[in-house]
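Peer 1: First, the structure itself, so that you have it in front of you.
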Amino acid sequence: MTGEKTVVGDELQITPITVTIPTPLMGTGGGVPLQNGQVLRTPDSQPNIKVRAVSLGMTVLVRFANAYLGSLTTAMTIEVTAHGMAAGAFWKLLVTSGSFALAGPALLALKDVTTLLTAWEKDHPLLTGNV
């Protein structure tokens, strides 16, 4: 994958392709830290990668919303399949299914926060008293 090819005069110019990948930045294993907007060069046959940093809180929120909507859809489908749905009962079904659907995503969010805090502790052992 080379990129956009243009001819300027007698010369062929190739503009490299850049792919933006949103990623939460916790650390890079002791190497050079990634900066927001940094372009990582790759071989000519692959697109370059542009770093777009996403806050850790936004990462947890997006994962929670994704898991919640999946759980809500599943809970509503099970409720409608098992009991049917009377006319005008949609809001009651939505509230009931919505409350059932909170448990799984809440546990996932707690696991994500625990993972982030564990990584933070590894990056900053002196701040937590763990030497």
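Each reported figure results from applying straightforward, stated rules to the coordinates on display, with no laboratory input. Since we're looking at a predicted model, the values are computed, not measured. No Cβ is skipped: glycine too gets one built from the backbone with ideal geometry, and neighbour counts run over all protein chains shown.
Peer 1: Can you tell me which condition MET85 does not meet? The list is (1) surrounded by fewer than 12 Cβ atoms within 10 Å (Cβ to Cβ); (2) assigned to a loop (DSSP other than H, G, I, E, B), and all the others hold.
Peer 2: Just one mismatch for MET85, condition (1).
Peer 1: Inspect region 90-97 for any residue being touching a residue at least 24 places away in the same chain (Cβ under 8 Å), in a helix (DSSP H, G or I) and over 30 Å from TRP120 (Cβ atoms) and give the result as yes or no. Working first, answer last.
Peer 2: Narrowing region 90-97 to residues touching a residue at least 24 places away in the same chain (Cβ under 8 Å): 97.
Okay, now just the ones that are also in a helix (DSSP H, G or I), so 97.
Now restrict to residues that are over 30 Å from TRP120 (Cβ atoms): 97.
Checked region 90-97: at least one residue is touching a residue at least 24 places away in the same chain (Cβ under 8 Å), in a helix (DSSP H, G or I) and over 30 Å from TRP120 (Cβ atoms).
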